[in-house]
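Since the structure comes first, as structure tokens, the remarks are kept for the end.
The values are calculated or read from the model by the stated rules, or taken from the named source; none is laboratory data. Quantities reported herein were computed from a predicted structural model and do not represent experimental measurements. When we count neighbours, we look across all protein chains shown, and the Cβ atoms used for this are built from the backbone with ideal geometry, even at glycine. Surface areas here come from the heavy atoms of the whole protein model, side chains and all, with no ligands, DNA or RNA. Shrake-Rupley method; radii C 1.70, N 1.55, O 1.52, S 1.80 Å.
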Amino acid sequence: STVTRLNKGQTVGYTMPAGGLSSTRFWAKYGCNDQGRECRIGDQMQYWPSGGCPTGGCTPPIDSLFEATWGCKSGSCDKTTWFDTSQVDGYTIPYLVTLQGDTGACDNGKGLKSLDGSKLDLDRCPSNEDITANGRTQSIVVNGRTIPLNNVNLRYHDKYNNATLGCASPCAQMSHLWNQNPGAMPTIYYCCPTPNPNNCQISQGCITSAECRAGPVATDKYTTAIHTMTSNIYAYAYDDGVGLHTCPAGAVTFTMEFCPPGSPPYPGRE
């Protein structure tokens with residue numbers, strides 16, 4: 001709900017409450033007006049508190065983001081901060097998250113110093129992804145148009161000048177841009193919903209973590225590109241072994257820098 005315009009080299013800080021805070025997300029918008037609205041990318045939810053979307057509708061939720069559930073520092077509560085940067089839905093602006101403080105205590109004593117998305121490059125976003133779920137579904141119909149799924153361009157273009165503003169994951173392409181049901185075929189193999197883990201059946205719109213990791217999403221061109229360009233970052237829903245991290249509450253501070261030195265140019269080319 002916070003909108004702060006930052007010029008090159010400027011920063012903004014946030015202090016988490018001592019009692020912890022759940023389900024927070026931070027991302028950068030781009031190409032906005034002076035009120036932080038009408039953005040070319042990043043307006044993925046309605047404006048707070050008045051509501052409403054920019055002209056032409058809200059942009060798809062494919063932004064590069066940091067998310068965390070902050071543990072509490074004292075009392076009988078969870079004293080662990082759980083966090084990640086996620087490209088499960090896609091990516092936009094390259095970034096680098098650095099940790100300062102008792103970083104050796106993070107990830108159960110293994111230590112963690114950074115989440116590196118500084119090499120996220122829109123020119124490396126797949127323009128010919130196969131999202132047929134290993135041949136299960138060859139095409140879908142969107143707004144009366146038949147779309148083949150064996151050669152899909154995942155690049156999201158600016159509606160004004162066709163520059164590439166983001167890269168949608170196969171899940172986001174299907175569910176957000178084409179409005180497909182995440183639990184239907186073939187989207188279920190890319191979004192991996194698990195609404196009923198105690199009785200999970202693909203025929204009922206539920207896929208287990210094991211089925212997800214054994215499916216096409218774990219090795220498709222998008223996931224391969226994310227794992228090649230980044231370190232310690234989620235590429236799909238059950239990529240926990242790579243992307244999910246912990247630190248003792250209050251032990252470290254986090255800095256997320258967008259377009260750090262040496263990162264690819266943003267936005268991308270057509």
Original post:
Only one residue in G13, G42 is among the small types (G, A, S) and touching an Asp or Glu at 6+ places or on another chain (Cβ under 6 Å). Which one?
Top reply: G42
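What is the residue count in the stretch 150-165 for residues that are closer than 30 Å to R136 by Cβ and not in a loop (DSSP other than H, G, I, E, B)?
Initial filter on the stretch 150-165 (closer than 30 Å to R136 by Cβ): 150-157, 164.
After this cut, where a residue has to be not in a loop (DSSP other than H, G, I, E, B) as well, the list is 152, 155-157, 164.
Residues that pass the stated criteria total 5.
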**OP:** Would you point out the residue of the stretch 159-181, among those that are touching a Gly at 6+ places or on another chain (Cβ under 8 Å) and of a type outside the set (G, A, S), that is modelled with the lowest pLDDT?
**Re:** K159
Original post:
Within the stretch 23-58, which residues are under 20 Å from the mean Cα position of the chain (by Cα), open to solvent by 80 Å² or more (accessible area, probe 1.4 Å) and either in contact (Cβ under 8 Å) with a residue 40 or more places away in the chain or within 25 Å of V97 (Cα to Cα) (or both)?
Top reply: S23, R25, M45
**OP:** Among residues belonging to the stretch 161-175 that are out of contact with any strand residue (DSSP E or B) (no Cβ under 7 Å at 6 or more places or on another chain) and either surrounded by 16 or more Cβ atoms within 10 Å (Cβ to Cβ) or of a type in the set (D, E, K, R) (or both), point out the one that is nearest to N150 (Cα to Cα).
**Re:** M174
Original post:
Within the stretch 59-77, can you find the residues that are of a type in the set (V, I, T), under 19 Å from S23 (Cα atoms) and open to solvent by less than 40 Å² (accessible area, probe 1.4 Å)?
Top reply: I62
Original post:
Looking at (1) in contact with a Pro (Cβ under 6 Å, 6 or more places away or on another chain); (2) surrounded by fewer than 14 Cβ atoms within 10 Å (Cβ to Cβ), which is the one condition that is false for P193?
Top reply: (2)
Subject >> When residues of the stretch 176-190 are limited to those that are farther than 21 Å from L120 by Cβ and assigned to a helix (DSSP H, G or I), the one least open to solvent (accessible area, probe 1.4 Å) >> reply: I188
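How many residues does the stretch 225-237 contain that are over 14 Å from L96 (Cβ atoms) and surrounded by 21 or more Cβ atoms within 10 Å (Cβ to Cβ)? Please lay out each step first, then the result.
At the first step, the residues of the stretch 225-237 found to be over 14 Å from L96 (Cβ atoms) are 225-228, 234-237.
If we keep only those that are surrounded by 21 or more Cβ atoms within 10 Å (Cβ to Cβ) too, we end up with 225-226, 234-237.
Counting residues in the stretch 225-237 that are over 14 Å from L96 (Cβ atoms) and surrounded by 21 or more Cβ atoms within 10 Å (Cβ to Cβ) gives 6.
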**OP:** Please work out if P264 is closer than 24 Å to L96 by Cβ, in a loop (DSSP other than H, G, I, E, B) and touching a strand residue (DSSP E or B) at 6+ places or on another chain (Cβ under 7 Å).
**Re:** no
Original post:
Does any residue of the stretch 206-217 turn out to be touching a residue at least 12 places away in the same chain (Cβ under 8 Å), hydrophobic (A, V, I, L, M, F, W, C) and touching a strand residue (DSSP E or B) at 6+ places or on another chain (Cβ under 8 Å)?
Top reply: no
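So which of I62, I93 ends up being of a type outside the set (S, T, N, Q), touching a residue at least 24 places away in the same chain (Cβ under 8 Å), part of a loop (DSSP other than H, G, I, E, B) and under 21 Å from G262 (Cβ atoms)?
Details: I62 fails: under 21 Å from G262 (Cβ atoms).
After applying the criteria, what remains is I93.
Kindly check whether there is at least one residue in the stretch 239-252 that is under 24 Å from T85 (Cβ atoms), of a type in the set (A, V, I, L, M) and not in a loop (DSSP other than H, G, I, E, B). Walk me through how you get there before you give the answer.
Taking the stretch 239-252 and keeping what is under 24 Å from T85 (Cβ atoms), we get 239-252.
Now drop any that are not of a type in the set (A, V, I, L, M), which leaves 242, 244, 249, 251-252.
So of that shortlist, the ones also not in a loop (DSSP other than H, G, I, E, B) come out as 242, 252.
Within the stretch 239-252 (the criterion being under 24 Å from T85 (Cβ atoms), of a type in the set (A, V, I, L, M) and not in a loop (DSSP other than H, G, I, E, B)), the answer is yes, since at least one residue qualifies.
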**OP:** Determine if the stretch 136-144 includes at least one residue that is part of a loop (DSSP other than H, G, I, E, B) and surrounded by 14 or more Cβ atoms within 10 Å (Cβ to Cβ).
**Re:** yes
Original post:
Using beta carbons and a limit of 8 Å, which pairs, at least six apart or on different chains, have the first residue in the stretch 174-188 and within 14 Å of V217 (Cα to Cα) and the second one of a type in the set (V, I, T) and open to solvent by 40 Å² or more (accessible area, probe 1.4 Å)?
Top reply: I188/I202
